[in-house]
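J.: Starting off with a structure, shown below.
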Amino acid sequence: MWFQHHMTLDVPSERIEDDDKIMTTRYMPIGVVGAICPWNFPLILSLGKIIPAVMTGCTIIVKPSPFTPYTALKAIELAQEIFPPGVVQVLGGDDKLGPMLTAHPDIAKISFTGSIATGKKIMEACSKTLKRVTLELGGNDASIVLPDVDIEKTAPELVMGAFQNSGQVC
């Protein structure tokens with residue numbers, strides 16, 4: 001098999017005890033997480049998916065955009081030197097890999113950052129196997145400007161917010 005379902009980890013639990021009862025809640029890893037990451041901010045957005053997955057005892061397979069620099073691939077290469085084999089993995093390739101991850105029956109969760117159109121496709125695909133899904137979907141830099149605002153001061157700030165980092169923000 002090309003991945004492990006979960007790693008051995010001391011997962012936190014809660015215990016409530018009184019004279020009549022003992023209640024224990026154990027948090028169990030859900031299994032394999034598939035992370036589909038966008039072209040912008042590849043390192044930050046990949047790590048934002050890797051860290052929570054590993055901290056909760058799950059393994060993760062990251063699929064960076066084929067249009068992104070190799071920073072995410074390098075970060076995962078470094079992570080593979082630290083974690084046991086199979087805990088943090090990467091799949092490099094084109095957009096055909098995303099549907100394969102969402103359809104795979106052994107992947108328990110998909111975390112996606114990207115467009116609304118692709119997010120809808122991912123939600124639909126994941127519903128067929130009842131995968132958990134986290135969608136962080138893009139927008140068009142929407143802003144709410146109230147009537148009492150100083151337009152001369154606010155307009156340049158809105159433009160800067162939309163186009164900072166060469167427009168790589170939602």
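The values are calculated or read from the model by the stated rules, or taken from the named source; none is laboratory data. Source: prediction; values computed, not measured. We place every Cβ from the backbone using ideal geometry, glycine too, and count neighbours over all the protein chains shown.
Conditions (1) touching a Gly at 6+ places or on another chain (Cβ under 7 Å); (2) modelled with pLDDT of 95 or more; (3) of a type in the set (F, W, Y), marked per residue:
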residue: K63; (1), (2), (3): yes, yes, no
residue: P66; (1), (2), (3): yes, no, no
residue: A75; (1), (2), (3): no, no, no
residue: V88; (1), (2), (3): no, yes, no
residue: A108; (1), (2), (3): yes, yes, no
residue: K120; (1), (2), (3): no, yes, no
residue: M123; (1), (2), (3): no, yes, no
residue: D148; (1), (2), (3): no, no, no
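J.: Sticking with this structure for a sec: I need the full set of residues from the range 1-37 which are at pLDDT below 90 and surrounded by 12 or more Cβ atoms within 10 Å (Cβ to Cβ), in order please.
T.: Within the range 1-37, F3, Q4, H5, H6, M7, L9, V11 qualify.
J.: Among (1) in a helix (DSSP H, G or I); (2) under 17 Å from L137 (Cβ atoms), where does S65 come up short?
T.: S65 satisfies every listed condition except (1).
J.: Then there's this: Yes or no: S46 surrounded by 19 or more Cβ atoms within 10 Å (Cβ to Cβ), within 14 Å of the chain's Cα centre (by Cα) and part of a helix (DSSP H, G or I)?
T.: Against the criterion (surrounded by 19 or more Cβ atoms within 10 Å (Cβ to Cβ), within 14 Å of the chain's Cα centre (by Cα) and part of a helix (DSSP H, G or I)), S46 qualifies.
J.: Go through the range 15-37 and give me each residue that's touching a residue at least 40 places away in the same chain (Cβ under 8 Å) and in a strand (DSSP E or B).
T.: Of everything in the range 15-37, those that are touching a residue at least 40 places away in the same chain (Cβ under 8 Å) and in a strand (DSSP E or B) turn out to be V32, V33, G34, A35, I36.
J.: If D95 satisfies all but one of (1) at pLDDT below 95; (2) part of a helix (DSSP H, G or I), what's the number of the condition it fails?
T.: Of everything listed in (1) at pLDDT below 95; (2) part of a helix (DSSP H, G or I), D95 misses just condition (2).
J.: Let me ask another. Select, from A162, A142, the only residue that is among the aliphatic types (A, V, I, L, M), without any contact (Cβ under 8 Å) to a residue 40 or more places away in the chain and part of a helix (DSSP H, G or I).
T.: A162
J.: List pairs: first residue in the range 113-134 and farther than 14 Å from G34 by Cβ, second residue of a type outside the set (D, E, K, R) and part of a loop (DSSP other than H, G, I, E, B) anywhere in the structure, Cβ distance under 7 angstrom, at least six positions apart or on different chains.
T.: If the second residue must be of a type outside the set (D, E, K, R) and part of a loop (DSSP other than H, G, I, E, B), the pairs left are S115/G138; I116/G138.
J.: Continuing with this model, one more query. In the range 106-125, which residues are crowded, with 21+ Cβ neighbours inside 10 Å and in a helix (DSSP H, G or I)?
T.: Matches in the range 106-125: I122 only.
J.: For the range 74-90, what are the residues that are in contact with a strand residue (DSSP E or B) (Cβ under 7 Å, 6 or more places away or on another chain) and either surrounded by 17 or more Cβ atoms within 10 Å (Cβ to Cβ) or in contact (Cβ under 8 Å) with a residue 60 or more places away in the chain (or both)?
T.: I76, A79, G86, V87, V88, Q89, V90
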